[in-house]
1. Which of the three applies to segment 41-168, rounded, prolate or oblate, going by the alpha-carbon gyration tensor with a ≥ b ≥ c and a/c under 1.5 meaning rounded?
2. Quick one: accessible area per residue over segment 38-172, 1.4 Å probe, rounded to a whole number of Å²?
3. Output wanted: per-residue J couplings in Hz (rounded whole) for segment 40-54, from phi through Karplus 6.51 cos²θ - 1.76 cosθ + 1.60, θ = phi - 60°, x for Gly and Pro.
Amino acid sequence: MTNESDDTTAVGVDWDAQAAAFDDEPDHGLRDPRCIRDSAWADRLRDWLPVGPCDVLDLGCGTGSLSLLAAEQGHRVTGVDGSAAMIGLARAKLAGRDAVFLLGDAEAPPVGEQRFDVVLVRHVLWALPDAGRALRHWWQLLRPGGRLVLVEGVWGTVSPVGIPADRLTALLAPLTGQVRVDRLSGDAPLWGRDVQDERYAVVALAGPV
């Protein structure tokens with residue numbers, strides 16, 4: 001499953017075919033002048049990720065745009081995506097950096113016994129058949145004191161798709177009481193335009209930090 005945005009559905013999409021044009025969306029490739037890395041997504045990542053270098057697992061990494069931002073901030077990145085074409089672009093984008101990209105299912109990433117300080121997931125959870133099961137599995141991939149960073153939303157108005165923040169926080173309640181919700185709808189530089197639908201990030205902490 002690759003990161004998806006706006007009011008389209010991820011079900012049945014040929015992500016290999018979409019890979020070449022994926023970064024043309026302002027909030028995918030961060031190419032839009034209003035999505036300047038140092039003032040939009042990069043600033044958000046600095047707030048969501050630990051200060052010191054850490055191991056970040058980017059699930060549904062797509063072409064690696066958020067992976068690149070994390071690597072630029074000194075973190076070690078492992079990206080997972082189900083599209084071979086996306087993974088190829090991510091590897092090229094982060095060539096020479098401390099990053100590894102694996103072809104596999106974001107719901108059950110092929111990382112073996114490896115554990116991470118951060119599991120970063122953007123616009124993936126809403127499209128999974130069992131969001132609670134995915135969250136429980138991702139939680140097990142965290143080291144003590146680690147964190148889940150989940151960027152999600154509800155897109156569209158006619159036939160909205162997504163996962164509301166209150167539902168996501170309820171799914172996290174059995175795992176942790178340390179959950180923060182950052183509302184993102186009013187932050188136009190993140191999306192390259194003004195948006196009216198629900199967009200947010202949840203940072204869930206696994207024990208003391």
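1. On the way: a/c = 1.43, a/b = 1.33, b/c = 1.08.
In terms of gyration-tensor shape, rounded.
2. Values: 5100 Å² over 135 residues.
Accessible area per residue, segment 38-172: 38 Å².
3. With coefficients 6.51, -1.76 and 1.60, one gets 10, 4, 5, 5, 4, 4, 4, 6, 7, 9, x, 5, x, x, 8 Hz.
The values are calculated or read from the model by the stated rules, or taken from the named source; none is laboratory data. All figures in this text were calculated on a predicted structure; none of them were measured in a lab. In case anyone asks, the SASA skips ligands and DNA or RNA and just uses the protein heavy atoms, side chains included. Shrake-Rupley method; radii C 1.70, N 1.55, O 1.52, S 1.80 Å.
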